[in-house]
Structures are given as structure tokens and as C-alpha cells.
1. Starting from segment A:38-56, keep only residues that are away from chain B (no Cβ under 14 Å) and within 15 Å of A:Ser73 (Cβ to Cβ), then list their pairs with residues that are assigned to a helix (DSSP H, G or I) and at pLDDT below 90 whose Cβ atoms are within a distance under 8 Å, requiring at least 6 positions of separation or different chains.
2. Among the listed residues B:Ala335, B:Ala366, B:Ala327, which satisfies the condition of being small (Gly, Ala, Ser) and outside the structural domain of B:Asp307 (by TED's automatic domain parsing)?
3. With respect to A:Gly322, determine if the residue is closer than 17 Å to A:Gly19 by Cβ and of a type in the set (Gly, Ala, Ser).
4. Which one of these does A:Gln55 not meet: (1) in a helix (DSSP H, G or I); (2) open to solvent by less than 10 Å² (accessible area, probe 1.4 Å)?
5. Give me the residue from segment A:117-130 that is surrounded by fewer than 20 Cβ atoms within 10 Å (Cβ to Cβ) and facing chain B (nearest Cβ under 7 Å) and, out of that set, farthest from A:Ile265 (Cα to Cα).
6. Which of the residues belonging to segment A:204-230 are touching a residue at least 60 places away in the same chain (Cβ under 8 Å) and open to solvent by 20 Å² or more (accessible area, probe 1.4 Å)?
7. In segment A:141-151, how many residues are open to solvent by 40 Å² or more (accessible area, probe 1.4 Å) and more than 10 Å from every other protein chain (Cβ to nearest Cβ)?
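The values are calculated or read from the model by the stated rules, or taken from the named source; none is laboratory data. Quick caveat, the model's predicted, so the values are computed rather than measured. Here Cβ is always computed from backbone atoms with ideal geometry, including for glycine, and neighbour counts include all displayed protein chains. Please note that ligands, DNA and RNA were not included when accessible areas were found on the heavy atoms of the full protein model with its side chains. Shrake-Rupley method; radii C 1.70, N 1.55, O 1.52, S 1.80 Å.
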Number of protein chains: 2
Amino acid sequence: MDAVNLPAPGSKTRIVVVGGGFAGLNFVSKLDTRAYQVVLLDRHNYHTFAPLLYQVATAGIEAPDVCGPLRKSFRGKQDFHFRMLEARGIDPDRRVIRTGAGTIRYDHLVLATGTRANFFGNANVAAHALPLKTVPDARRLRNHIFQTLEQVDMTDDPRERERLMTFVIVGGGPSGVELAGALSELRRHVLDRDYPDTPMGGLRFVLVEGSDQLLGGFSEKSSADARRNLEEMGVELRFGTLLSDYDGRTATLKDGSTIETATVIWGAGVTGEIIRGLGEGSVTKARYVIDDRLRVRAYDNVYALGDIAFLTNDSWPKGHPGVAQVAIQMGQRLARNFNALAKGEPTRPFVYFDKGNLAIIGRNRAVADLPKNVHLNGFPAWFIWAFVHIFYLIGWRNRLFTFLTWASNYVTYNRAVRLVLEPSLENQFDPERVGEIEE
Amino acid sequence: MDAVNLPAPGSKTRIVVVGGGFAGLNFVSKLDTRAYQVVLLDRHNYHTFAPLLYQVATAGIEAPDVCGPLRKSFRGKQDFHFRMLEARGIDPDRRVIRTGAGTIRYDHLVLATGTRANFFGNANVAAHALPLKTVPDARRLRNHIFQTLEQVDMTDDPRERERLMTFVIVGGGPSGVELAGALSELRRHVLDRDYPDTPMGGLRFVLVEGSDQLLGGFSEKSSADARRNLEEMGVELRFGTLLSDYDGRTATLKDGSTIETATVIWGAGVTGEIIRGLGEGSVTKARYVIDDRLRVRAYDNVYALGDIAFLTNDSWPKGHPGVAQVAIQMGQRLARNFNALAKGEPTRPFVYFDKGNLAIIGRNRAVADLPKNVHLNGFPAWFIWAFVHIFYLIGWRNRLFTFLTWASNYVTYNRAVRLVLEPSLENQFDPERVGEIEE
């Protein structure tokens, strides 16, 4: 008996999916639930369209625009059951997973838990730097950015003003590059008009990258284009060094240099969200080792998909990249294999079709690596980027609202919303004030 | 010297406005800043369109739709200065107000701080009941509602399920009535399809009102119409009793009866946000006593507007109602009087023009008290309500997006967004996990 109010699967096979990201969402979407009962667990009740979180953080679009409510997405789906729960452990012998609300039995288990920020054991950085992996992260970062700008207007101390106006971004991957670009655009088109009492030319954006290039995994041309664009937009680039410490006031780099800053944004490292319980040989470097049928090593009814899976083959000897397309295609392949099994048809191995890479840097500035070695930049890449991202958003509402917001921002050079919805200044409303008895 | 980076007013007179609600916003908007320097303080960087907070709480529209960023609203305004600060005290002799970032000198001071929830000294209720006065309140309430519904699906204990499915709303004013109606609509049109494993007919909404009627201040006809509508929609009404205690599990009413519930929404009492420092005779029942030029008693350069002001005259011997129209008209009148003084023209007394009252209860269900004793209900009242509320929203983006969302909800019987963006379950992400060092 499951403790979470689930109907028994009856004669059907129950598949439990952990995680409603790109992999889990596409798996459930393609699975034939006339043949299977499917239970989806996620700690949030929505899918996060992670590629646009940086736009939420920089007030380009709103948080709900990147969220797809999971129950709504699968309303029409028969024998689909969502539970807002975090998986806490797996018992592969009893075929159950443990959650905060009790255990859930599975016939097949699909792990699609993705990654979380990894601060490499540095508790100081973990306490003070701001990650950008979840919707709450993005909203916290936005609150922090706009609140910091408000604080600039409240002090006449030039050193403190300089510190408040310096933003450090750690990591030169797509999210670091896109965030740095978006902040620079914000400075250029929005902030000067919003803050007449503070010259916004004083804003500094520093991007720190451990290697010697941006956008590792992209083509050399795109990497160089991204670098040139960010330099033109006034972003300071520091290559070949890492953040070694940050105490909330001073960021220290590995080369010994320091930067006084109120904001360090962490886009450098991630680690897999491993659920304990599988045998040790199943996991390497915080990824589940899977075969070409996406089965976790040593198990015939446990699968792993997307960022949390480690799959090597001749084309990808070091494993597949941690991008949305891999997750989407793995989810679809596994669902199609289950559907084939139900019809007595053979399953097929997973083969990744690389559609290329896209990154946006600013207005009319983007890079695109497309199949057949086509590399675009400037407006064409920017246009493709916008088209693809609207297309992949969940639901017509999100597509329409994001399109309208972007179109408006493009025409007016403005941002729709720059609200500090949850201020954390010391001058905040005092929850202790219970209210007095009136006469 | 002001400590908050403000330019000196020079030969101009400086007016400091505390609060960017309906009164403060309309005052600044109408003030001629060629003649005056204006400094606006608010603890948030946005104006809140409070009449629609209940829709944010029930997933009808999104939080940004009811927010007007204050800096953006007054971008074109010369010599306008916003600071995100809470006023902590007034020193009328030195003509300064104290804030968390230092003091600010004023020539004229306009107090428009509005009200906050008042729990009448009951710390238990203050700790467990959910108010609905601010945007953070509305988002917390929405998170709570949808998270509570998720929890229903995680237990098989019938008593616990009943408790989770019972919602108590305290206060039968417009916000209590509108909230009860919106929850009932949610049950009817959305939840059954979203939660197939839980029969949503078990949801109970109990509205507790101390008097013997709903919508005090509205006409008797509208009050009776609202009652009939809510009863038809299955809301339980308890008149003539108050909430005397709530410990997070059991709500106790003054008549001794108890209700097991996980949710008590507080729409019952408010109290003025008084800033300390003015003489005692200036304040009565947490309101500033003002004259017909909106001056606080005993001061010739301190004014109070809106909910925080207490103004009696022959038409309103018990004071003016705490509604948006009073605040808007007071803000406009005071600005016009300042503008008149600058031109050497005479000032005019404040005269409230009562445009009537509107409350929405559900789809095609609303009540409207219009001038000349016209009372509408049903679709006409509902249509006027929607038109007026879209008209008064701040900015074309909010008007367009709210209109599109409402139009879509109306046609599809759906709600756009029902996200638990900040879950507070025990199965939440653990911020302690700093990440391990990988090989």
C-alpha cells in the first residue's frame, strides 16, 4: 500500500518518474498510458524552462512565463498521477522509493533529477554567492540586483557605491554569458532613465572564467564572437582564473586579486542530484552510468535521463553534453521504447541528434552553431534564438506573453518589470508587529 | 545635508511623500514639479493595485500585473526622487523624517502610509492566519493554497484530508467576499480536472463575519445579492461571530464552535501605519486627524491622505470610507492645491465625489452600487467591474496582460497559473547542502 493516496495500477505496470524537467516531461508526454500507469514526482509543481531563467533574473520576462504547471500539462492524460514530493532514497530490492510522505512502489523507475549548483565544498561561497538553477533562485537574484541598485541611491560613500555597483559573474558558459549580456543591456537601455540621481556608467560587470575561452562546447568561431560582443558591451572578462573565496563583501580570485562587490552570481559548477540507494558501481562523478537503452548499470528496471545520466559511445566518448536537447531526446526515446515493448516490438538504442547550440548576448547579438557546420551571429542568430525559445516554452500563454514582452522590449528598449517583490532590507516590514487593541 | 544622495532643492520647496499607494501616486502624478521638488519614499519599489490582490492569491492573474514600478511611472517627471525606504519617525520641529539610511529634510510632508492587518493583539492568530494586504502576502497565500491542495493528495487519513480541504475566510468585506467567490470558482472550474485522485467536492469554504451582513458600506440590495450569490456557490456563511483563536490546526469562533482547518485567511481588521513623532492630538484611532485642506491637526506643513487620514464633515460625520477613490481624490486635490499656491491662486477644500462601490463574486456575478441609487448585479455589474479594474491598472502592459488573462480564463474556464513558486514543505531543497568536491 502506497502512503500517498495512489490508485493501485491493477494489471498495468507502474512507472515512477522522479523529476519534471526536460527529460521527465518529454518522457511522460510520449508515454502511452493506456499501457502504463505513470507517477511523476517533483519538488515543484511546475516544469522550469531553465534556458530563460537568466531573463527572469534580469527582469526581461516574468517567473510564471518559464513555468509549466505539471498537473495542467498532463490534464488529458489517463492514469497520470502527480505528487509534489522529493525522492529521498531508493530501495531497489523492495522496488520502492522513499519520500517525505511515505514510500511508493514502482515496477520501473525513471530518474530525471537533473543537477544543482556545486560550490566545490566552499561554504563561504555557498553562503554568499547567488546560484541560478531554479525559479526561486532567479527571483532571489532579481530582488538582489534591483535592491542593490536602490541601495546605491542611499549612500554618499564613494567606496560603498563602487562596491554596490560591481557585479561578478562566475562561469563563462551559456548562462554566464547570457546573464552578463543581459545586465549590460539593462545598464545601457533602462537604468540610466530609472536612476537619474546615480550615473549608471559606474556599473561594472566582471565575468570570471577558469578556461581561456567563453562557451566551452560551442565552435571556436562562436566562442570568439561571444567574446568580442561582450567586450564591445563593456563586460570585463577575466580568463584562466577561478573564484577562491567570497565573504559577501570581497571576492578573491585564485590569482590573488580581489574585487570589492555586493554581488557574486554563481554559474560555474553543477553536480548531479543523486538519490541514495543504488549500488556504488551505478554512479560515477555524481552521474548514473547508463547503457544505450538508458538503463542504469546493474539494474534492468531503473533508468536515468538527461543531465543526471552518463552515457558514452563512439560519438561521445566523454559522455553527452548537459544540454536540454539531450534530455528531451532521451525522454522521448525511453517512452517510445516502453510503448514498443507494450506492443511486442523491439526497442532501439538512444542516438543523440545534435541540433546545435544557441546563446544570446544582447539586442541583435547572438551566436548559433547549427548542423552541417553553419555558424551564425548577429541578427540572424538572435532571430533563431528567439524563435526556438518561444517554440519550446510550455503552453500558449507562456509563448504569447513572452513574445509580447520581448516584442515590446525590443521596440521600446525597455524592460517590463523590475520589481523587488520580496525586499530584504533592514527597513522591511516588521512581522513582529501584531497590532494593538483599539478602543 | 541629507544622507540619501538627494540633490538640494535649491530655490524650490521640497515635498516629501511617504507611501506610493493610491494617494501618494496620484499626488505625485498631479504635482507640478517645475514648482516643487518631490521625494517619494516607499518600502517597496512599486505601487500595489490592492483591489486585485485576491486574484493574485487565487491564481487568476500574476503578481507583476498588480504592480506599477514607481521609478518607471515617474520617469518623465523632473526633480522627482524615489528612495526605497521606510519612514521611521518624524521630527516636526527640525522638519526632518528619519529612515534606515539617515534623515531627510522636508518643507512639506505628505503622509500616505495606508493601513496594515490588525490582529487586535491576538499573537496566535497573527502567527498562523494569512493576511492579504501586500503583494508578498498574496503570493504567500497562493503558495499556501496550492501547497495545501498538493498535501491532500499525500495522505489517506480522512480527518487530515478534511482539515486540509477546509478554508476559513475571516471578514465579509469586499476582499473576503471576492476571495471566497474566487476560491469557489477555482473548485468548480479548475481543481476537479487538476486533481483526479481527490474528489474536490470535499472542499469547504467558510466565511466568518462579525456583523449580520456582507459588504458593510454597500447598499442593502448589493449586500443581499452578494449573500445569495455566495450561498448559491456553496460558500458557508457564519454571521454574528468572530474568530477568537487559531493555533494553525483549529480555528475557534467567539460562539465557542471550532473548525479544523489548515488555512485561515485574515481580511477582518486593519490599523493605520502611524509614524511616530507628531503630537498626540494629531492622531485618533490610528488615523491622522485632518482638516478640509488635508492638513494634519496642529501642523501647517504636514498632510495626510487616504486610509491613514480621518476627515469628518457634514456629509461624512463618521469619517470617509477607506476606499481607493477617497485616496485617489485626496491625492489629486492636495496636488492641485500646491499647484494653485505656486501660481498665487486660492486652494480649495476636499470634497469627496462618491462614484459608488463594486465587488465581484464570480463568473458573471458581481454587485455595483452606482451614483443616483443605481444598483446592478449579474453580468452588467461584472462587466463594469472588469472594465473599471483594467482601466485603473498601472501601465499598458498590466492592462493588456490582465485583459488577455481574464479573457482567456473566461473563455476556457481555466486559470493561467497555479504555481507553488516558493514551496515550504519539509521536502524542500536543503540549503545546507554545499556540494562535495568531485574528483
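1. Listed pairs, sorted by first residue: none to list.
2. B:Ala366
3. Against the criterion (closer than 17 Å to A:Gly19 by Cβ and of a type in the set (Gly, Ala, Ser)), A:Gly322 qualifies.
4. That leaves (2) as the condition not met.
5. Step by step, filter segment A:117-130, then rank; the result is A:Gly121.
6. Within segment A:204-230, A:Gly217, A:Phe218, A:Ser219, A:Lys221 qualify.
7. Matching residues across segment A:141-151 total 1.
Let's see how each residue does on (1) part of a loop (DSSP other than H, G, I, E, B); (2) out of contact with any Cys (no Cβ under 8 Å at 6 or more places or on another chain); (3) over 30 Å from B:Pro7 (Cβ atoms):
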{"residue": "A:Ala127", "(1), (2), (3)": "no, yes, yes"}
{"residue": "A:Ala138", "(1), (2), (3)": "no, yes, yes"}
{"residue": "A:Ile145", "(1), (2), (3)": "no, yes, no"}
{"residue": "A:Gln151", "(1), (2), (3)": "no, yes, no"}
{"residue": "A:Asp156", "(1), (2), (3)": "yes, yes, no"}
{"residue": "A:Ile169", "(1), (2), (3)": "no, yes, yes"}
{"residue": "A:Val177", "(1), (2), (3)": "no, yes, yes"}
{"residue": "A:Gly181", "(1), (2), (3)": "no, yes, yes"}
{"residue": "A:Arg188", "(1), (2), (3)": "no, yes, no"}
